[in-house]
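Beneath this line is the structure, given in structure tokens, with notes to follow.
Throughout, read-outs are computed from the coordinates displayed, never taken from laboratory work. Keep in mind that this is a model prediction, so the values were computed, not measured. Methodologically, a virtual Cβ is constructed for each residue, glycine included, from the backbone with ideal geometry; neighbour enumeration extends over all protein chains shown.
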Amino acid sequence: MPRGASDIPDLRLSRINKLIQKFMTPPSMLFSNLFGTDNADSDTIKWESQIGNRGVTPMKAPGSPSQVTAPVGVSQNEAVAAFWGEKEYHDEEFLNNLREEGTASTYLSAKRRIAREFRSMRNRCDRRLELLFAQMLINGEITYSDKGGVKLSIDYAIPSENQVTLGANYYWTNGTQRNIVGDIMDAKIVVSDSCTGIIDHMVINSNTLKVMAMDSSIQTLLSKSNFGNGDLFGKSAGGIIGVRPRVLGELLGIPNIVVYDEKYVIEQTLTAAVAAGGTTVYVGNAADFTTGTAVLHDISAGTSESVTVSAVSTEAGTLTIGATTAAFRAGEDKITQTLPFMPNNKTLLMASTVEGSKIAEFIQAPYGLNRAYGLFADTKENWDPDGIWLRVQNKGLPVLYHRDAIYSLTFAA
């Protein structure tokens, strides 16, 4: 009786999911690691969010009833969970190498390949969750797809005073009236006044760290005469001179200044051909793209061409670009864009807890016939041609409980 892929130990569901769970969330996934998870009963996620948190219990006379109170600034929220996943196909040649007897090196090589590919699939799923968190915290909204390709969006209703864009004269990069320390103090005051939260995280990338380190006001404050023995610039073990975020944190009174340089790559296959000189790219899902640099890839030729995206239409599934030099085919060629979780022109300041409770969380929704929660892997055999599909999925939404505990600052164009 012929055996199927289920007879291959490394492709059994139990082993696959143990392998997936073994790959812990990468340390570089800042927001996913900072906040916890909970489970919802269905794919409709419900949560309460609030503004303000400084109530004081009223006085009462002995023998009198207690005053009835209700929380102020609380809103009820509800949204359909986001769902994401991907799959890979392995043909019979690869599967036969897995079960080949008498050649341990071939088996181990294939086994390592499965582990490497599952790790990549796990990391891509983790990056999607991290991207949802980043969009919620930095932009105050997320956009995703539902059944039938319907585009959904969630506005987390972050107060306008907590989402600040500086005028050109106050840009940290080249503003003639820039005041970096003052802007950060303003953020601390806004958060403290609104919810009593104490900002304990400031998230920036290396470009922003460079801007801050080279600012004359910060350098003056960090001089030895004004700031003890704190040294902003120091040498690493390899002798490379770098900037010490810890010193900035001590100056600004923020325990965790996190330099977050992690990036993600958006990839879509073209759904319509692009002629040489074309200025419009059609893709299946344009929601994750943004203005800036992207790369068109000619898969068969192995060549690529950088283009500038000037506009994105999520509804039409189009990217408006500068005129291309080469032509690109539909259904084969691709467009990619590499983006940072933390943009170059923004910083995020937040109180990660308010009165001892985390300000955000990922709510997992059940999916599949077995009502799986969280990251889950499964397989499906293909009869002709022989092969097997590997799949990884996750479902849920990040939620924000304290809308005024974060402060998103845009400090440059």
Approximate spin-label separation E92-S192, in nm, with each point projected 7 Å along Cα-to-Cβ: 7.1
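Among the chymotrypsin sites (Phe, Trp or Tyr not before Pro) within region 380-412, which fall in a DSSP loop and have no more than 13 other Cβ atoms within 10 Å of their own Cβ? Provide the component values of the computation, followed by the final result.
Values: sites: W383, W389, Y401, Y407, F411; in loops: W383, Y401, F411.
Loop-located and lightly packed - W383.
Just to confirm a number: summing +1 for Lys and Arg and -1 for Asp and Glu over residues other than A273 whose beta-carbon lies under 11 angstrom from that of A273, what do you get?
Working: positive: R329; negative: E332, D333.
Within the 11 Å Cβ shell, the charges total -1.
Suppose every K and R has +1 on its Cβ and every D and E has -1 on its Cβ; what is the size of the dipole of region 263-340 about the Cα centre, in Debye to the nearest 20?
The dipole of region 263-340 has a size of about 80 debye.
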Lys and Arg at +1, Asp and Glu at -1: add these up for the other residues within a Cβ distance under 13 Å of V295 and post the number. -3
